[in-house]
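Written below as structure tokens is the structure these notes are about.
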Amino acid sequence: MTFLRSALIVILCLFFFGSTAQEDIELPDDYKHNVIKWNPTPFVLWSRKNINFSYERVLKPHRTFSVNLGYFELPSLGVLEDVLVENKVGKGGFTVSGDYRFYFKNRNTRMAPDGLYWGPFASIHHYGFSHDMTFIDNPSLQGTANLSASMSIASLGVQLGYQFVIKDRFTMDLIFIGPALSFYGIDVNLSGNVDINEEDEYLKALYDMLVNKIPGMEDLLDVGSIKKQGLTTSAGPGFRYMIQLGYRF
């Protein structure tokens, strides 16, 4: 997609800018420039299958850049056990991001990567799933259906965080705010041969709930697919809220 390509270009530009940045003070020859980190935030919040690692490189005493890569998965959809006999889900996604960090010279008592920092970032999150359903021996609902969807979000923003360096080897990186401009694309498709008893009050109430709660659901049920693209802003933590545990070398 166009916005995915644009975000990738921005990430590459951030890395290039970081690698060519200059600062008057030089680092000692034996300085530890590298930090490898694990991000447990999506692991705890969404799915234990989420694995996300990052690499931060110290360029100058108060400047660094970092790269973040990982597998991204959201929780499963809830199912109606009283009408759903078989439920097979295939899902998966990825996340990639990059940032360039300015560590505050006057505020921090130590050089990077320790202390308070700010900087621009770019990120991409992509997620998709395929939901196969089979309805059997139910007087109101019978047949098979497939619900598939893909979602992509590309964000550009500015973050504020603090990184603790513990005993010169271990780090705890806290990103606690990251206002961003995000481009998103959503593609949802519904197909199958389900026979529905329209007189069933339970199913009618379920239909009304879905239409009222999920934007575009009425078009999805009538036409079989919905596609949306747009632009949104985030003044809060959003995807940039995270805690990362690292090892420095």
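The values are calculated or read from the model by the stated rules, or taken from the named source; none is laboratory data. The structure displayed is predicted, hence computed values, not measured ones. Neighbour counts run over all protein chains shown; Cβ positions are idealised from the backbone, glycine included.
Within the stretch 101-108, does at least one residue satisfy the condition of being at pLDDT 95 or above and closer than 30 Å to residue 185 by Cβ? Checked against the condition, which is being at pLDDT 95 or above and closer than 30 Å to residue 185 by Cβ, the stretch 101-108 yields at least one hit. Scanning the stretch 42-74 for residues that are crowded, with 17+ Cβ neighbours inside 10 Å, polar (S, T, N, Q) and over 14 Å from residue 113 (Cβ atoms) yields 50, 52, 68.
Which one of these does residue 96 not meet: (1) at pLDDT 90 or above; (2) over 13 Å from the mean Cα position of the chain (by Cα)? If we test residue 96 against (1) at pLDDT 90 or above; (2) over 13 Å from the mean Cα position of the chain (by Cα), just (2) comes out false.
Contact map, the stretch 37-48: first residue without any contact (Cβ under 8 Å) to a residue 12 or more places away in the chain, second residue of a type in the set (Val, Ile, Thr) and part of a strand (DSSP E or B), Cβ cut-off under 8 Å, separation 6 or more or different chains; pairs are 43/51. One residue stands out in the stretch 139-169 among those that are modelled with pLDDT of 85 or more and in a loop (DSSP other than H, G, I, E, B): the one that is nearest to residue 185 (Cα to Cα), namely 169.
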